[in-house]
Amino acid sequence: MTWCSVFMVFLIYCLILTVGLPVEPADEVAMRLGGGGGVGGGWFSVQPSDDVVEASRDFGGLKQGEPLAVFHPRGAGDVAALVRAAYGSERGIRVSARGHGHSISGQAQVPGGVVVDMSHGWRAEAAGRAAARALPVYSPALGGHYIDVWGGELWIDVLNWTLAHGELAPRSWTDYLYLSVGGTLSNAGISGQAFHHGPQISNVYELDVVTGKGEVVTCSEAINPDLFFGALGGLGQLGIITRARIALEPAPHRVRWIRALYSNFTEFAADQERLISQHGGRRFDYVEGFVVAAEGLINNWRSSFFSPQNPVKLSSLKHRSGVLYCLEVTKNYDDSTAGTIDQEVEVLLGELSFIPGTVFTTDLPYVDFLDRVHKAELKLRGKGMWEVPHPWLNLFVPASRIADFDRGVFRGVLGSRTAGGPILIYPMNKQKWDPRSSVVTPEEDVFYLVAFLRSAVPGAADPAQSLESLARQNQQILDFCDEAGIGAKQYLPNHKAQREWEAHFGARWARFARLKAEFDPRAMLATGQGIFDSPPPPPPPPVLADA
């Protein structure tokens, strides 16, 4: 479609507004973009279609929100054209970007609006310009390599590409790699490497962002820094990330993966905090942990992690009940350091206070470790246990109150029961988080992620695994934190009203609201988050230049 045709469609649209003919929102956007064919090759899927059904749900499975249409862009230009059309529409059509659909509370849904399916844009854009995906680049100014990637690309695809073209890998990860780049950068992106490298938002040099006005803006620490830092961890409120420049490092070949058990929470927390304070080569490369009921651990420990060739005596746990804590660490190595890995690990473990005889070790390729959750996903899919509701709750808890959290939640609200899925707990260094980003964390040098990653299984024999029970426990946990003054902040937050969001952001709310007004003045983007109330009135009508 030529720009002349687009201009004619625009004139028809203006005429319809002038004479007051009724136009449905989906038709309105389609006309502004050229009758559904889009600009540059993007296209719509409308009701009823499989795309619309898919965009109506997410991984959480807790909410449904059917859009009027799903837009499939070929690149950033298509995304910008769509948002410009929505911004200029009389009704202020709402738009939400969707990557892998792994949100948990309808954050990427936009009932009655348009979902932008970001999952294939880079492929279409590359095909359209007869060019290959970007290769890693070495930058003397940055002191290392980087790669430019499409915002909808999955991290697993980024990893496989950078490994194949230079044996490089991004520095910071999430535990699950089948998430989109733009999605994790809009939250933070954390895993066991965050104590050392910081979250993923601390490992990106530059972004292209389509703002709520439909402008494609390149931003970085030096160029348009307000948008750059505001979009990082900004929950999609300021724009849609279409390109990210990701920091890379040489990828290790193998990983020594170790788990050790604790029954004393004070010792467990002290060891975790000691490990994240170590620097240089004398440290582990990954530090996480999780909470588990002793009975469940004894019954399932080997089958869930280890092979029969790695027997470990658990006789010391036979008479234990209640909660146990598992420290999980890794040490990376390659051919040049394989000869010293045993000694290095022995020295590091020698400083810790785990239960004697409960160290579990396995070695595997680096990629297999990073992709470990996907392997578990495939098993769950095979049992029909993946497509179920996931009432997750993720909290940042200040280190000064983590012992109170243990007593009040793990041994209190949960009653020493950990059914329903993993409960992660591990500390991070606040100094690795850039305070200019939009992410809200506790105001302490060390804080913990506590992640209740549980699944509600319909018809489960154990009523404690029902959706109602897990949702009730989540609220009890939040109520305990409020009543005890824990000072926890939600990660992947889900609040019900703007006043709750204002409390979440605290002193940072004014800045965030100012950036929202600047970059998304009609509050059209990512409305599924529920952060801002009803959108402001429409912009003034466009003024057409003389022919």
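Please treat every number below as a calculation from the coordinates, not as lab data. All values reported here derive from a predicted model rather than from experimental measurement. Cβ sites come from the backbone with ideal geometry, for glycine too, and all protein chains shown count toward neighbours.
Structure summary
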quantity: Cα shape, segment 433-493, gyration tensor, a/c 1.5 rule; calculated: prolate
quantity: Length gained when the stretch LYS379-ARG411 is fully extended (0.36 nm per residue, less Cα-Cα span); calculated: 8.5 nm
quantity: √(5λ) per eigenvalue of the Cα gyration tensor, segment 165-238, largest first, Å; calculated: 23, 13, 12
quantity: Three semi-axes of the equivalent ellipsoid, segment 328-417, Cα gyration tensor, whole Å, largest first; calculated: 31, 25, 12
quantity: Two-decimal ratio, segment 171-284, of alpha-carbon radius of gyration to 2.2 N^0.38 Å; calculated: 1.30
quantity: Length added when fully stretched, ILE223-TRP43, from 0.36 nm per residue minus Cα-Cα; calculated: 61.6 nm
quantity: Surrounding net charge for VAL70, when Lys and Arg each add one and Asp and Glu each subtract one, Cβ distance under 15 Å; calculated: -3
quantity: Nonlocal amide H pairs with SER186, under 5 Å, H built at 1.01 Å; calculated: GLY233
quantity: Approximate shape of segment 369-419 as ellipsoid semi-axes (Cα gyration tensor, √5λ), whole Å, largest first; calculated: 29, 15, 10
quantity: Separation in nanometres of the label points that stand 7 Å from Cα toward Cβ, at SER139 and ARG514; calculated: 2.7 nm
quantity: 18 Å cut-off, amide nitrogen to a point 7 angstrom out along ASP445 Cα→Cβ, residues in segment 272-295; calculated: 272-280
quantity: Separation of the LYS496 and ALA419 label points, Cα + 7 Å toward Cβ, nm; calculated: 2.7 nm
quantity: Rounded if a/c under 1.5, otherwise prolate or oblate - segment 380-467, Cα gyration tensor axes; calculated: oblate
quantity: Simple label model, 7 Å out from Cα along Cβ direction - ASP363 to GLU468, nm; calculated: 5.3 nm
quantity: Set LYS496/LYS516; LYS63/LYS379; LYS375/LYS430; LYS375/LYS489 screened for pairs whose C-alpha atoms are more than 23 Å apart; calculated: LYS63/LYS379; LYS375/LYS430; LYS375/LYS489
quantity: Net charge contributed by nearby residues that have their C-beta within less than 12 Å of ALA338 (K/R +1, D/E -1); calculated: -2
quantity: Shape of segment 412-521, Cα gyration tensor, a/c cut at 1.5; calculated: prolate
quantity: Calculated from backbone phi, Karplus (6.51, -1.76, 1.60) coupling profile of segment 162-179 in Hz, x at Gly/Pro; calculated: 5, 5, 6, 10, x, 6, 10, 8, x, 7, 10, 9, 9, 5, 10, 8, 8, 10
